[in-house]
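> Dropping a structure here in structure tokens format, bear with me for questions.
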Amino acid sequence: MALNVSLPDSERGPWRGRALVAAVAVLVAVSLGFALASQWSSLPDIAWRFRPGWLALSVLCLLAFQWMHIELWRGMLHSLGGTLPRWKARSIWSTTLLARYVPTSALMAVGRIALSQREGVSKRVCTASVAYEVAFTFTAAVAVSTYLVLTLPAFEEHSLRWLVLAVPVAGLLSLHPRVFHSLVNRALRRFGREPLPVSLPFSSVLVFFALFVVSLIVAGVSVLAMTHALHDVPADESAVLVASYSLGFAAGVIGFVLPGSLGAREAGVAVAVAAAVPAAVALAVALVVRLVQIGVELLYAGVMPVIARRRPRD
């Protein structure tokens, strides 16, 4: 006697959504892989090499980068009054991250807010946490990438290059509770939502900003390690390579209309890396780092929900 077991419609919806987003992410990863493989043979004759130790370091840095952002979001959510079990929060963040491969990346925020609301976190609190996360990450990325503007030879003759320092300062000041609270409340009222119950004190803003900067430096080390894995790197160019990830991330935020900021982020990384190594190497590094990062995101999205189901109260 065969048993016909089916999920209720209320349970099918989330799984269908996750499966669709995961399929898109896999498609993107495969496409990047084929693009890299098809172009590799046409790259100029360069002293390529492969060092697995550096590759392993690059992967570890991306794993750490992902984990840091999960914990930073959890910390912000808790500071704003939202409470989620640790593994449930990690599961929500990891699975909804894949939704950024849908054009405009808006589904990522919508999915995180909806899933958090099911666990008792109010929409406005989760909305504030997502807004903080985007603002902190972008501001920190701009702060780190200013190093490139101030040190690369292409900008040496431009005295106005120092004005770039005003951008992260302005971003940080916009996170002051008086400014941020007012801006978010205005947006919430426009959509008929209640105002924020609380915002982060400026002392916490400074701490979170510093931690986001550290996380982007960790991600930058992954680019440095990947470049070492494929090609010789001049010792005095290490800082440029570390800052390259931040430039790519900032470019990706600006190009948010693209699914997962594909193309924009790789271009930003490649432009910066090309200041230290040949352009062909820079392009290869940008593509491989992106491919590995997608793999890391898929790993987290697959593992975290399993742990959350086994440890629902942790």
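> Most exposed first by the Cβ proxy, i.e. fewest other Cβ within 10 Å, how do K88, K123 rank?
Numbers: K88 22, K123 15.
The fewest-first ordering by Cβ neighbours comes to K123, K88.
> Can I get the semi-axes of the range 51-120's equivalent ellipsoid? Compute them from the C-alpha gyration tensor as square roots of 5 times the eigenvalues, in angstrom, largest first.
The three semi-axes for the range 51-120 are 26, 16, 9 Å.
> Output needed for the range 174-314: three equivalent-ellipsoid semi-axes, defined as square roots of 5 times the C-alpha gyration tensor eigenvalues, in descending order, whole Å.
34, 21, 16
> Could you list H231, H181 so that the one with the fewest beta carbons within 10 Å of its beta carbon is first and the one with the most is last?
Least to most surrounded, the residues fall as H181, H231.
> Provide the gained length on full extension for the span F202 to V306, in nm with one decimal, where the gain is 0.36 nm per separating residue minus the Cα-Cα distance.
Fully extending the segment from F202 to V306 adds 33.8 nm.
> Highest mean first, what order results for 242-248, 189-195 on Cβ atoms within 10 Å? Can you show the working numbers first?
On the way: 242-248: 28.1, 189-195: 10.1.
Put in order of decreasing packing, that is 242-248, 189-195.
Bear in mind that the values in this text are calculations on the coordinates, not laboratory data. Not measured: the values here are computed from a predicted model. Reconstructed Cβ throughout: ideal geometry from the backbone, glycine too, with neighbour counts over all protein chains shown.
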